[in-house]
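Where a number appears in this text, it was derived from the coordinates with a stated rule and is not lab data. Keep in mind that what you see is a predicted model, and the values were worked out from it rather than measured. Note: ideal-geometry Cβ built from the backbone for every residue, glycine included; neighbour counts use all protein chains shown.
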């Protein structure tokens, strides 16, 4: 269990911070961008839960995802050593598979798509589409990190699958009021 007795430490006042392995990096490090964007995604999910009137099923799935996003942040903030002597919290294939089961379950009753979907139609739909786009950015940041350092492959797959789940959840949250893209609609 994590215990925080003091919130400010002053250690970051000089533009650097410590990672999960206690190494120090500048606050502009791509690793911080990756797990910071995961944190931003979690905040967007919190907004969706707080104000979007999501059904209890979607809300329960999102609460589970929020917890896993903290696991993902912990995973990304601790560099992968050549051999991990001290076991760290790392995402696992089972968590990706659980997302896939949720995608299949939630997509089962949705009508097939005939066009791309525009965000909107309901507050829940809009918030979940925003979360999906932040998730895609987190995935891009994590891949940028993976080009510079070793990253848990399951963390990368998890972000990819999560954006798919958020898309399906957004469709379901629309309550059938999806706004579809009409290519060239505004052309004369």
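Taking the beta-carbon count within 10 Å as an exposure proxy, list 178, 68 from fewest neighbours to most.
Listed from fewest to most nearby Cβ atoms, that is 68, 178.
Note the angle between two axes, namely the Cα long axis of helix 153-173 and the longest principal axis of the Cα atoms of the chain, as a number of degrees from 0 to 90, rounded to the nearest 10.
Approximately 30 degrees, to the nearest 10.
Measure nothing fancy, just the Cα-based angle from helix 93-107's long axis to the longest principal axis of the chain, in degrees from 0 to 90, nearest 10.
10 degrees
Label points 7 Å out from Cα along the Cβ direction at residue 148 and residue 39: separation in nm?
For residue 148 paired with residue 39, the spin-label model returns 1.7 nm.
With Cα extents along the principal axes in Å defined as stated, name the option among (i) 55, 39, 34; (ii) 72, 37, 26; (iii) 90, 29, 24 computed from the structure displayed.
This structure yields the entry labelled (i).
In what order do 89, 159 fall by count of nearby beta-carbon atoms within 10 Å, going from fewest to most?
89, 159
Between residue 30 and residue 97, what length in nm is gained on full extension when 0.36 nm per residue of separation is reduced by their alpha carbon distance?
Values: separation 67, 0.36 × 67 = 24.12 nm, distance 2.74 nm.
Extra length from residue 30 to residue 97 when fully extended: 21.4 nm.
Can you tell me the orientation of helix 123-146 relative to the chain, as the angle in degrees between its alpha-carbon axis and the longest Cα principal axis, to the nearest 10?
40 degrees
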